[in-house]
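Input: a single structure, listed below in structure tokens.
Nothing in this text is a laboratory measurement; each read-out follows from the coordinates by a stated rule. This is a predicted model, so every value here is computed, not measured. Here the Cβ is made from the backbone with ideal geometry for all residues, glycine too, and neighbour counts use every protein chain on show.
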Amino acid sequence: MQFDLFDSKTNEILDAKNYAEFKKLLAESNCTKCSLSENRKHIVVDRGNPEAKVLMVGEAPGENEDIQAKAFVGRAGQLLDQMMQEAGMDSNRDALIANVVKCRPPENRAPKQEEVDQCFPFLKKQISLIAPEVIVLLGGTALKHLVHNKGEFSMEKEAGKAFTHPDYPGTQFFVLYHPAFILRDPRKKPVMATHLQILKELISRVKS
Ligand code: URA
């Protein structure tokens, strides 16, 4: 995939032959394609298992992720790990976890469309190298930017549902509440626990 004829660094990352090469090139690229580069400490590529058949996609790195250069290692990530474990899954073994944008937005605001546009080719490359059977969309930002035919949607209606999309043949999507939402509204935790059971069943079906 060629992105910009004059941006040889981006093209080198997008031409990576395998996931390890892609991750190293992106993490070390000092990318300045959008203004999120101005305040970031690290480019956060992922966390978890690149061999897993499940890719979980969140919004953007937060403060802890920016410091540790790993996705979902702060409070939201810890809650995700705990809830995955309670559902009989291991986030580091059973999934690779990434984000729509790879650099922390100021004050943890949602990424702007122009920032997503600049970063999206990296997520697309990640998806093509991992070839996940299931893409789990963690929250509305991931759903909005990966799937463009939803129009206006409510997470209340989408969470816990699986669907396919013509842009990603052979991949099942599954929507979960973002764990940061559960931190803000713990009453939703039992609902998310039910959704994780549905996800587990979906994963066992696509793997068999
Ligand atoms: N929230 C996200 O969406 N991603 C992270 O990596 C951490 C918190």
On Cα atoms only, tilt of 75-86 relative to the major axis of the chain in degrees: 50
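Do the sum for the chain: with -39,500 (n - 2.57) for every DSSP H run of n ≥ 4, divided by all residues, what is the mean residue ellipticity at 222 nm, to the nearest 500 deg cm²/dmol?
-12500 deg cm²/dmol
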Quick one: angle between helix 113-130 and the longest Cα principal axis of the chain, in degrees between 0 and 90, rounded to 10, please. 80
Taking a 23 Å limit on the Cα-Cα distance, which of the listed pairs Lys23/Lys161; Lys41/Lys150; Lys102/Lys125 fall beyond it? Lys23/Lys161; Lys41/Lys150
Can you tell which of Ser35, Ser154, Ser128 shows the greatest fluctuation in a Gaussian network model of the chain with Cα springs below 10 Å? Ser154
Going by alpha carbons, how many degrees (0 to 90, nearest 10) lie between the helix axis of 189-207 and the longest principal axis of the chain? 70
Give me the dipole magnitude in Debye, nearest 20, for the chain about the Cα centre, with unit charges on the beta carbon: positive for Lys and Arg, negative for Asp and Glu. 420
Taking Cα centroids, how far is segment 131-193 from segment 80-111 in Å? 13
Calculated FRET value between Lys17 and Glu86, using beta carbons and R₀ = 35 Å, to 0.05: 0.40
Could you run the Karplus curve 6.51 cos²θ - 1.76 cosθ + 1.60 with θ = phi - 60° over segment 31-37 and give me ³J(HN,Hα) per residue in whole Hz, x for Gly and Pro? 3, 10, 5, 9, 6, 4, 5
If I build a Gaussian network model for the chain, linking alpha-carbon pairs within less than 10 angstrom, which residue out of Pro132, Pro186, Pro105 has the largest mean-square fluctuation? Pro186
Asn39 paired with Glu51, simple spin-label distance in nm, labels 7 Å along Cα-to-beta-carbon: 3.9
antiparallel share of DSSP beta bridges within segment 1-153, to nearest 5, in %, is 20
